Amino acid sequence: MPLHILLRGLWRLKFPLAALALLLVLAGAALIISWPRAYLAGAVIAPAETTGLATSTLISASALSPGSLLDTRPSGNFAIYLAALRSPEAAAMLARDTRLLAVLEARRAEGPAGWLRETLGLRLTPDQDDVEGWLERGLAVTQSLASVTWTLEVSLPNRALAQEVLERLHRFAEAKVRADLLDLVGRRVKVLEARLAAERDIYLRTPIFELLAQHQRAAMVLAADEAVAARLVSGPGVELKPSVPNRPLLLVLLAVAAPLAVAFGGACWVLLFGVVEPRKAKGALPPWTSHQGTELPGPAFTAPKSGGVWGDTIPPAGVRGRRPRSRA
């Protein structure tokens, strides 16, 4: 379909499309305003391996080789820390030690969705799987593009609970990494001590003593250092006023997206069903044709009668004609 025909069809549907866009904007604005507000708790962390006195540097036999400048993925103990934040063990800890289950249950019971669940007899009491799903959606882990820091954010309707959840998640993930390293070091120390008790060759006992000293030093560093995987740069802290969702931004996006969506739907309608021509009134003149107006101005010439020639045609008044030819 040519563009001018499509635009003409959209122009003829301007009033229904404008009404539909206005209705869509009002419905979306009412939905955005009715959404419950939530407080945002955030913390800025950095990998502990970035410092010269990091635990990984002190407990290793040699200096760690630096990673590629193009590879920004987390590695080492910090990668284990980030994975532990959304682990099933973290969800079980939150369900056991915080009031997160009560908050999720209250959120399920409110609004039209809560009435529908209660009417249909659906489950309203959340469990550990629901907490794990909330962690996947509600915990935001964002890497900074300007530095090596990362940002942790959690949004909840309760301000105190948001800060408590973020603090507990950080402590749990840090303790998880520390416990795994201590367990690894303890098992290796036991094996090395048992091997020393049975080994009599002095040439084999010397490297075993060196390995034992290295792991004993690692156990001492793990017991003394507070930050094993992630070092707190700022926070955890909670804002004073709720800011989630961002209503002004959502309203602006709705005001832009609703007319575009309605215009796209109107264009699809015109492409599918064509342009509806307006009805003609009784006694109205015929529509303008494409060839009308292309003739030259002035009276039209008539064809000659039978037996005559074109040269015998008498031109109209005021027009100079050709001289008639003789029939001889």
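The values are calculated or read from the model by the stated rules, or taken from the named source; none is laboratory data. Keep in mind that what you see is a predicted model, and the values were worked out from it rather than measured. For neighbour counting, all protein chains shown are included, and Cβ atoms are generated from backbone atoms with ideal geometry for every residue, glycine included. These accessible areas exclude ligands, DNA and RNA; they are computed on the full protein's heavy atoms, side chains included. Shrake-Rupley method; radii C 1.70, N 1.55, O 1.52, S 1.80 Å.
Things to note:
- Near pairs, Cβ below 7 angstrom, 6+ apart or cross-chain, from the stretch 119-144 (among the charged types (D, E, K, R)) to any residue that is outside any helix (DSSP H, G or I): 136/86
- Subset tally (residues that are among the acidic types (Asp, Glu) and at pLDDT below 85) for the stretch 215-242: 2
- Cross-chain or 6+ apart pairs with Cβ under 9 Å, the stretch 199-211 first and among the acidic types (Asp, Glu), then assigned to a helix (DSSP H, G or I): 199/205; 199/208
- Scope the stretch 88-103; condition open to solvent by 20 Å² or more (accessible area, probe 1.4 Å) and in a helix (DSSP H, G or I); matching residues: 88, 89, 92, 95, 96, 97, 101, 102, 103
- Within the set 159, 178, 168, 188, the sole residue that is free of Cβ contacts under 8 Å to residues at least 60 places away in the same chain and open to solvent by 60 Å² or more (accessible area, probe 1.4 Å) turns out to be 188.
- Scanning the stretch 213-233 for residues that are open to solvent by less than 60 Å² (accessible area, probe 1.4 Å) and either of a type in the set (A, V, I, L, M) or in a strand (DSSP E or B) (or both) gives 213, 218, 219, 221, 222, 227, 228, 229, 230.
- Cβ-Cβ under 9 Å pairs, at least 6 apart or on other chains, the stretch 212-227 side in contact (Cβ under 8 Å) with a residue 60 or more places away in the chain, far side in a loop (DSSP other than H, G, I, E, B) and open to solvent by 30 Å² or more (accessible area, probe 1.4 Å): 214/61; 225/53; 227/51
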